[in-house]
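The values are calculated or read from the model by the stated rules, or taken from the named source; none is laboratory data. These numbers come from a predicted model, not from an experiment. When we count neighbours, we look across all protein chains shown, and the Cβ atoms used for this are built from the backbone with ideal geometry, even at glycine. Keep in mind that these areas ignore ligands, DNA and RNA; they rest on the heavy atoms of the full protein, side chains included. Shrake-Rupley method; radii C 1.70, N 1.55, O 1.52, S 1.80 Å.
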Amino acid sequence: MTAVQVDQSPTVPVSMARSWRLVSAASIDACAPDELSAADVTVLDLEAGCPDELKPQGRDAVLRHADAGHRVWIRANGATTTDWATDLDLAASHPNVEGVVLAMAETGDEVRASLDACGKPVVAMVETARAFVGFSDIATSGTARIAFGTGDFRRDLGIGNDPTALLHARSQLVLMSRGHDLPPPIDGPTVVDDADVARTDSVHARSLGMTGRICLTHTHTQVVNEVFAPSPTDVHAARSLLASPPEGYAGAIAPRLAHARQVIHRAGVFGIDAH
């Protein structure tokens, strides 16, 4: 099947990407063009979303879409699997495969080996208790960012999907990422295709300090892009504050000014302007 041609949106830096649209590589041809172009990053899944019998077909689809001019990432199978080397070779082979989301990362050596194998950015997907124990090693391995694999993490620990059950883990990822000079982490996905649920989940993740999410549907992508970007009202307020800073204790005002500068910067990256 011929790959769908898509007009690619301007590249958003990995450190700031909000929506990470995860699509099974084996079914990418069925996606509508706007579903691919709307996300900051499109990730073609060669791991859990691509059954073993479909992995060769999925890899062919990755190359076909890269040949068609799509800028994509792949989610590679874990470094301890027999598919890992094949996935990393694929990532290294095409300039339009821009990076790798490494599933089931548990050690820094796995990330370093992946970086050596593909020569491209690697986002480590933290999905197990063992990964949390070894987080400092992963964080100092050269990973571009951390993604939270919430489904496998819940399975590993036998915990539920209630936000409070994952509150500590999410907060730890934000804290440890900051402590190791990494960008804020990418949260796991909303499983149900419901815009209201996706918005609630996204607002919760943003309140904890995360700045992006994995998205399973086009609806999720649209919600995540909105929630994790400054609104025009935010931009207007930031510009007003910077144009006329309040008088008073500098130690209290400085954080507000720094936040305003961050808002302006993010708005520029995402093409948002004040009305």
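Data for the structure
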item	result
Pick from segment 17-38, criterion out of contact with any Asp or Glu (no Cβ under 8 Å at 6 or more places or on another chain) and in a loop (DSSP other than H, G, I, E, B), ranking: modelled with the lowest pLDDT	A32
Flag if A205 is touching a strand residue (DSSP E or B) at 6+ places or on another chain (Cβ under 6 Å), part of a helix (DSSP H, G or I) and within 30 Å of L102 (Cβ to Cβ)	yes
Residue in segment 143-152 that is surrounded by 15 or more Cβ atoms within 10 Å (Cβ to Cβ), among the aromatic types (F, W, Y) and over 16 Å from the mean Cα position of the chain (by Cα) present	no
Some residue of segment 45-65 being polar (S, T, N, Q) and open to solvent by 50 Å² or more (accessible area, probe 1.4 Å)	yes
Yes/no for A66 being over 19 Å from G179 (Cα atoms), modelled with pLDDT under 95, among the hydrophobic types (A, V, I, L, M, F, W, C) and within 20 Å of the chain's Cα centre (by Cα)	yes
Segment 47-69, residues that are within 22 Å of A17 (Cα to Cα) and either part of a helix (DSSP H, G or I) or out of contact with any Ser or Thr (no Cβ under 7 Å at 6 or more places or on another chain) (or both)	E47, V62, H65, A66, G69
Scan of segment 220-233 for residues that are in a helix (DSSP H, G or I) and at pLDDT below 95, ordered by number	P232, T233
Positions within segment 66-85 being open to solvent by 10 Å² or more (accessible area, probe 1.4 Å) and among the aliphatic types (A, V, I, L, M), in sequence order	A68, A79, A85
D181, sole failed condition from (1) in a loop (DSSP other than H, G, I, E, B); (2) under 18 Å from W20 (Cβ atoms)	(2)
Flag if T190 is farther than 20 Å from T128 by Cα, at pLDDT 95 or above and open to solvent by less than 60 Å² (accessible area, probe 1.4 Å)	no
